[in-house]
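S.K.: For reference, the structure I am asking about is given below.
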Amino acid sequence: MKIVLASRNAHKAAELEALLGDHDVITLPDDVVLPPEDADTFAGNALGKARAAADATGLPAVGDDSGIIAAELDGAPGVRSARFAGEHATDQENLELLIERVSIGSPLAYHCALAFAEPGGEEFVVEARCTGTMAAAARGSGGFGYDPIFVADDDDAGRTMAELSVEEKQAISHRGRAAALLRERLEQ
């Protein structure tokens with residue numbers, strides 16, 4: 001199936017393309033306007049994007065909203081993960097602010113909601129998490145966003161997500177788990 005990804009994030013597009021196997025993930029056309037991410041939940045933001053992309057392109061679409069949740073910050077940055085340090089903050093600025101505000105070893109969770117929408121048809125949302133802790137220092141050159149400080153509970157070696165190979169990360173990440181649920185649902 002040909003699916004439009006309701007995102008212009010190249011990292012997410014590459015990850016989702018690899019995770020969805022036989023499905024052909026195409027990038028969002030430049031002229032498609034996505035709604036603002038102003039919902040209170042990851043699912044709400046993902047579904048809004050999926051609906052907009054499906055309506056604009058006439059193709060099935062997947063919307064993604066994901067982020068990091070810090071127990072020490074009462075769940076922040078959460079749905080504001082991409083804008084944690086400000087509306088136009090870079091990944092590095094967001095990462096630095098989280099390092100400044102969260103203690104080493106504090107519980108973290110990555111959360112991902114993937115919404116599927118067909119033009120005028122079926123809609124559903126799948127969600128998954130990856131739990132972990134705050135690293136003592138940023139490590140690794142892979143991944144993106146908060147990956148250099150996120151030590152996944154599922155990695156016995158204590159590496160950050162940025163130190164994992166692509167395959168290792170996909171096997172345990174929030175997006176990898178959500179994509180597996182999405183793929184399973186699409187194949188039913």
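The values are calculated or read from the model by the stated rules, or taken from the named source; none is laboratory data. It should be emphasised that the depicted structure is a prediction, and the values quoted were computed from it without experimental measurement. Cβ placement follows ideal geometry from the backbone for every residue including glycine, while neighbour counts extend to all protein chains displayed. Only protein heavy atoms, including side chains, enter the accessible area calculation; ligands, DNA and RNA are left aside. Shrake-Rupley method; radii C 1.70, N 1.55, O 1.52, S 1.80 Å.
S.K.: Report, largest value first, the span of the C-alpha coordinates of the chain along each principal axis, in whole Å.
M.R.: Principal-axis extents of the Cα atoms in the chain, largest first: 47, 32, 25 Å.
S.K.: Here's something else I'd like to know. If the chain between Leu181 and His11 were fully stretched, how many nm would it gain, using 0.36 nm times the residue separation less the Cα-Cα distance? Could you put the intermediate results ahead of the total?
M.R.: Working: separation 170, 0.36 × 170 = 61.20 nm, distance 1.96 nm.
Difference between extended and current length: 59.2 nm.
S.K.: May I pose another question? What full-extension length gain, to one decimal in nm, is calculated for Ala171 and Asp153 as 0.36 nm per residue of separation minus the Cα-Cα distance? Write out the running numbers ahead of the final one.
M.R.: Details: separation 18, 0.36 × 18 = 6.48 nm, distance 1.27 nm.
Full extension from Ala171 to Asp153 adds 5.2 nm.
S.K.: Still on this structure: Taking +1 at the Cβ of each Lys and Arg and -1 at the Cβ of each Asp and Glu, which of Leu98, Gly121, Tyr110 sits farthest along the dipole of the range 82-126 towards its positive end, judged by Cα position relative to the Cα centre?
M.R.: Ranked along the dipole, the leading option is Leu98.
S.K.: Using DSSP to define loop residues, name the GluC sites (Glu not before Pro) in the range 79-188 whose beta-carbon has at most 15 other beta-carbon atoms within 10 Å. Before the final figure, lay out each step's value.
M.R.: On the way: sites: Glu87, Glu93, Glu96, Glu100, Glu122, Glu123, Glu127, Glu163, Glu167, Glu168, Glu184, Glu187; in loops: Glu87, Glu122, Glu187.
Passing both the DSSP loop test and the Cβ count: Glu87, Glu122, Glu187.
S.K.: Can you compute the radius of gyration and Dmax for the range 131-188, using only the Cα atoms, both in Å?
M.R.: In order Rg, Dmax, the Cα atoms of the range 131-188 give 12.4, 43 Å.
S.K.: Once Rh for the range 1-65 is found with the Kirkwood sum over Cα pairs, what is the Stokes-Einstein diffusion coefficient at 20 °C and 1.002 mPa s, in µm²/s?
M.R.: Details: Rh = 11.7 Å.
It comes out at roughly 183 µm²/s.
S.K.: How big is the Kirkwood radius of the range 86-188, worked out from every pair of different alpha carbons and given in Å to one decimal?
M.R.: Every distinct Cα pair counted, the radius reaches 14.8 Å.
S.K.: Could you give the length gained by full extension between Glu93 and Asp30, i.e. 0.36 nm per residue of separation minus their alpha carbon distance, to one decimal place? List each step's numbers first, then the result.
M.R.: Working: separation 63, 0.36 × 63 = 22.68 nm, distance 2.62 nm.
Working it through step by step, the gained length comes to 20.1 nm.
S.K.: For the chain, give the magnitude of the charge dipole about the Cα centre (Cβ charges: +1 Lys/Arg, -1 Asp/Glu; no others), in debye to the nearest 20.
M.R.: Values: 16 positive and 33 negative charges, 13 e Å.
Magnitude of the dipole: close to 60 debye.
S.K.: Under 21 Å from the Cα of Lys2, which lysines turn up, not counting those fewer than eight places away in the same chain?
M.R.: Reachable lysines: Lys12, Lys49.
S.K.: OK, next. Could you work out the relative contact order of the range 7-146, using alpha carbon pairs under 8 angstrom and six or more residues apart, expressed as a whole percent? Kindly include the intermediate steps, with their values, before the conclusion.
M.R.: Details: 237 pairs, mean separation 31.5, N = 140.
Relative contact order comes out at 22 percent.
S.K.: Would you mind checking the tilt of helix 42-57 against the longest principal axis of the Cα atoms of the chain, expressed as 0 to 90 degrees and rounded to 10?
M.R.: The answer is roughly 30 degrees.
S.K.: Separate question: What share of Cα pairs, in percent, lie more than 16 angstrom apart in the range 37-105? Could the numbers behind the result be given before it?
M.R.: On the way: 1266 of 2346 pairs.
Tail of P(r) above 16 Å: 54 percent of Cα pairs.
S.K.: Residues with beta-carbon under 9 Å from that of Pro60, excluding Pro60: net charge, scoring Lys, Arg +1 and Asp, Glu -1?
M.R.: Working: positive: Lys2; negative: Glu118, Glu122.
Neighbourhood net charge equals -1.
S.K.: What's the local net charge at Pro77, with K and R +1, D and E -1, over the other residues with C-beta under 11 Å away? Please report the intermediate quantities before stating the final value.
M.R.: Details: positive: Arg80, Arg83, Arg101; negative: Asp74.
Its environment carries a net charge of +2.
S.K.: While we're here: Take every DSSP beta bridge whose two residues both sit in the chain, then give the antiparallel share in percent to the nearest 5.
M.R.: For the chain, the DSSP antiparallel bridge percentage is about 85.
S.K.: Another question, if that's okay. With a 1.4 Å probe and every protein chain left in place, tell me how much accessible area Ser165 has, in Å² to the nearest 10.
M.R.: Approximately 50 Å² for this residue.
S.K.: In Å², what does the accessible area per residue of the chain work out to with a 1.4 Å probe? Walk me through the numbers before you get to the answer.
M.R.: Numbers: 8770 Å² over 188 residues.
Computed with neighbouring chains in place, this is 47 Å² per residue.
S.K.: Taking the Cβ of Glu15 as the center, what net charge do the other residues with Cβ under 11 Å away carry, scoring Lys and Arg +1 and Asp and Glu -1? Can you show the working numbers first?
M.R.: Details: positive: Lys12, Lys169, Arg175; negative: Glu17, Asp64.
So the environment of Glu15 carries a net charge of +1.
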